[in-house]
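The values are calculated or read from the model by the stated rules, or taken from the named source; none is laboratory data. Given the structure is predicted, the values throughout are model-derived calculations rather than measurements. Ideal geometry is used to build each Cβ from the backbone, glycine not excepted, and the neighbour counts take in all protein chains shown. Ligands, DNA and RNA are excluded from the accessible area calculation, which covers all protein heavy atoms including side chains. Shrake-Rupley method; radii C 1.70, N 1.55, O 1.52, S 1.80 Å.
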Amino acid sequence: MKRTKKGEITVFLTLIFVLLVSFILALTESAVIQTSKNQKRLDADRAVFSLFGEYQKALMEEYNVFAIDGTYETGQYEENLLLDRMSYYGSMGINQEITDIQLLTDNQGQAFREQVLKYMETRTGIALAQDLTKLASRWEEQEIQGAEISGELDDVIAESGEQFAEEMGGLIHAKKSGMLSLVLPKDFHLSGKAIRPEEQVSGRNCRTGRGSFPERKSTNRIDAKALFEFYIMEKFGSALEPKGENRNLDYEVEYILCGKESDAENLKSVVNQLLMVRFAVNYTYLMSDTKRQGEAEALAAALSAAFANPAMEPVLKQAVLVLWSLGESVMDLRALLAGKKIPITKNEENWQLQLSNLTKLGEEEDTQEGQDSENGITYQQCLHILILSKSSEKLTMRTLDRVEQNLIQEKELSFFRADACVTKIKVHNTADIWNGTTYTFPLYYGYL
């Protein structure tokens with residue numbers, strides 16, 4: 001009798017084996033794909049890390065700002081240079097496209113300002129600015145008040161005629177022609193350096209990046225402005241403390257404040273602002289000083305008698321008080337520009353200019369110098385306060401002007417342009433990983 005054998009178990013085990021092998025192969029393929037993905041990501045990460053390690057060295061060393069020179073010292077900006085460098089650093093086999101890119105000058109210097117604030121937070125701390133910020137808002141009001149008083153003086157001079165101008169000497173003539181020469185100390189050497197506005201970052205059409213990037217919050221708050229202002233004072237020279245002979249402007253802080261094309265024009269603008277602030281301070285005190293008002297009234301009476309016009313006495317008294325306040329402001333500025341301190345407010349003890357010497361200002365016999373006030377503020381501190389009242393955007397772009405010009409002039413980096421400096425990028429990556437399978441992934445990197 002023929003015996004038959006059943007194969008159910010064999011078939012079952014065969015099927016199980018096939019499934020097991022398929023499962024193992026699937027796991028292996030999945031592992032290979034995932035490993036390939038991870039490897040491609042690692043390659044891209046390594047490449048972009050290495051790329052951002054090629055920051056412009058002088059920019060970092062001099063101004064503590066990180067950025068890649070997008071021209072690679074050729075003067076010709078090309079994004080392909082960045083892709084070529086990433087390929088060199090290990091991203092071969094990955095098709096890369098820069099989708100978003102941020103330059104140092106984008107959005108009114110957003111990236112530059114953010115890096116400066118980050119650097120200054122490690123250096124100083126926000127608490128240092130509290131006293132100066134309180135003065136800044138008060139000075140804005142005083143500058144407006146001083147301008148109004150100055151306008152009143154012009155009206156009084158126009159009403160009183162040429163006789164008053166002749167009697168009161170060089171101060172009125174200086175007010176018409178410019179006060180700078182009147183306030184400069186005798187031994188002050190006025191810089192003749194100048195720049196071309198159209199060549200500056202803030203004055204030319206800059207190239208721009210594209211896309212959007214996270215923005216640091218509160219970059220325009222008063223405490224952030226104070227930190228940025230400390231950075232300006234640390235890195236750049238002023239009329240009393242120039243930084244370097246090879247820079248194309250000596251009065252850099254004054255330029256950042258005013259944006260004029262020459263040192264002389266920038267100093268003149270700062271002087272005028274300080275004069276208006278001091279004008280208001282001195283006029284406010286003088287209107288509370290009955291003794292000095294009496295002196296002004298006596299002089300006005302004498303002038304009205306000399307003019308044979310007694311009705312002019314009240315007008316002339318006001319003109320004398322206003323002019324006296326302006327003369328005292330001139331003395332304050334002479335003290336500041338001589339490196340001395342001036343008092344924040346005036347009183348009987350620290351008032352400098354005698355009425356008898358008012359007519360000598362601007363004349364040959366004018367030898368008066370400003371006094372030093374032990375508990376006062378310096379010219380540098382005045383610049384601190386003025387900076388706090390200015391627009392953050394203008395301050396940032398003018399600071400970039402000076403950074404760029406100093407690297408070109410002082411460090412002889414003729415190729416350097418702030419709007420060719422890259423600070424952040426986003427890259428779209430496509431990689432072949434397994435039997436025609438592609439893997440796409442984004443990549444973002446930035447200095448902050």
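Quick one: if the Förster radius is 56 Å, what FRET efficiency do PHE12 and THR122 give, using the C-beta to C-beta distance and rounding to 0.05? Can you show the working numbers first?
On the way: r = 71 Å, r/R0 = 1.26.
FRET efficiency, PHE12 to THR122: 0.20.
Taking only the alpha-carbon atoms of segment 333-448, what semi-axes of the equivalent ellipsoid follow from 5 times the gyration tensor eigenvalues under a square root, in whole Å, largest first? Intermediate results must be reported in sequence, preceding the final value.
Details: eigenvalues 720, 61, 21 Å².
That gives 60, 18, 10 Å for the three semi-axes.
Quick check: convex hull over the Cα atoms of segment 195-343, volume per residue in Å³, rounded to an integer?
Hull volume normalised by residue count: 209 Å³.
Quick check for you: with a 1.4 Å probe and neighbouring chains kept, what is the accessible area per residue of the chain, in Å²?
Working: 22150 Å² over 448 residues.
It amounts to 49 Å² per residue over the chain.
How big is the gap, in Å, between the Cα center of segment 285-343 and the Cα center of segment 362-394?
Each part's Cα centre sits 21 Å from the other's.
Binning at 5 angstrom from zero up to the longest distance, how are the C-alpha pair distances of segment 295-360 distributed in percent?
Going from the shortest bin to the longest, the percentages are 3, 17, 23, 20, 15, 9, 7, 4, 1, 0.
Run the reach check for LYS37 against lysines, Cα to Cα strictly under 29 Å, same-chain hits fewer than 8 apart removed. What comes back?
LYS424, LYS426
Of the accessible area of the chain, with the probe set at 1.4 angstrom, what percent is carbon plus sulfur? Please list the in-between numbers first.
On the way: 11090 of 22150 Å².
That fraction is 50 percent.
Using the 2.2 N^0.38 Å rule of thumb for compact globular proteins, work out how the chain stacks up: its C-alpha Rg over that value, please.
Values: Rg = 34.6 Å, N = 448, 2.2 N^0.38 = 22.4 Å.
With N residues counted in the chain, Rg over 2.2 N^0.38 Å equals 1.55.
Where does the chain land at 222 nm, in deg cm²/dmol rounded to the nearest 500, when only DSSP H runs of n ≥ 4 count, each adding -39500 (n - 2.57), divided by all residues? Each step should come with its number before you reach the end.
Working: 15 runs with 243 residues, N = 448.
When only DSSP H runs of four or more count, the value is -18000 deg cm²/dmol.
Could you give the length gained on full extension between LYS176 and ALA311, defined as 0.36 nm per residue of separation minus the Cα-Cα distance, in nm?
Numbers: separation 135, 0.36 × 135 = 48.60 nm, distance 2.61 nm.
Here the segment from LYS176 to ALA311 would lengthen by 46.0 nm.
Quick one: pull the percentage of alpha-carbon pairs in segment 199-272 with a separation above 20 Å. Walk me through the numbers on the way to the answer.
Working: 1311 of 2701 pairs.
Summing the P(r) of segment 199-272 above 20 Å gives 49 percent of all pairs.
Among all the aspartates and glutamates, which ones have a C-alpha under 13 Å from LYS225's C-alpha, if same-chain residues fewer than 8 places away are not counted?
Within reach: GLU114, GLU121, GLU393.
Mind checking the full-extension length gain between ILE144 and THR290? Use 0.36 nm per residue of separation minus the Cα-Cα distance, one decimal, nm. It would help to have the intermediate numbers written out before the result.
Working: separation 146, 0.36 × 146 = 52.56 nm, distance 2.52 nm.
The ILE144-THR290 span can extend by a further 50.0 nm.
ILE144: net charge of surrounding residues, Cβ under 14 Å, Lys/Arg +1, Asp/Glu -1, itself excluded? Intermediate values should be presented prior to the final figure.
Details: positive: ARG138, ARG278; negative: GLU140, GLU141, GLU143, GLU148, GLU152.
Neighbourhood net charge equals -3.
Given Cβ point charges of +1 (Lys, Arg) and -1 (Asp, Glu) and nothing else, what value in debye, to the nearest 20, does the dipole of segment 257-345 about its Cα centre take? Write down the numbers at each step before the final one.
Values: 9 positive and 9 negative charges, 46 e Å.
Taking the Cα centre of segment 257-345 as origin, the dipole is about 220 debye.
Just to verify a number: what accessible area does LYS57 come out at with the full protein assembly present, 1.4 Å probe, Å² rounded to tens?
LYS57 exposes around 130 Å² with every protein chain in place.
Protein chains only, probe 1.4 Å: how do LYS346, LYS193 rank by accessible area, largest first?
Numbers: LYS346 20, LYS193 55 Å².
Output order, biggest surface exposure first: LYS193, LYS346.
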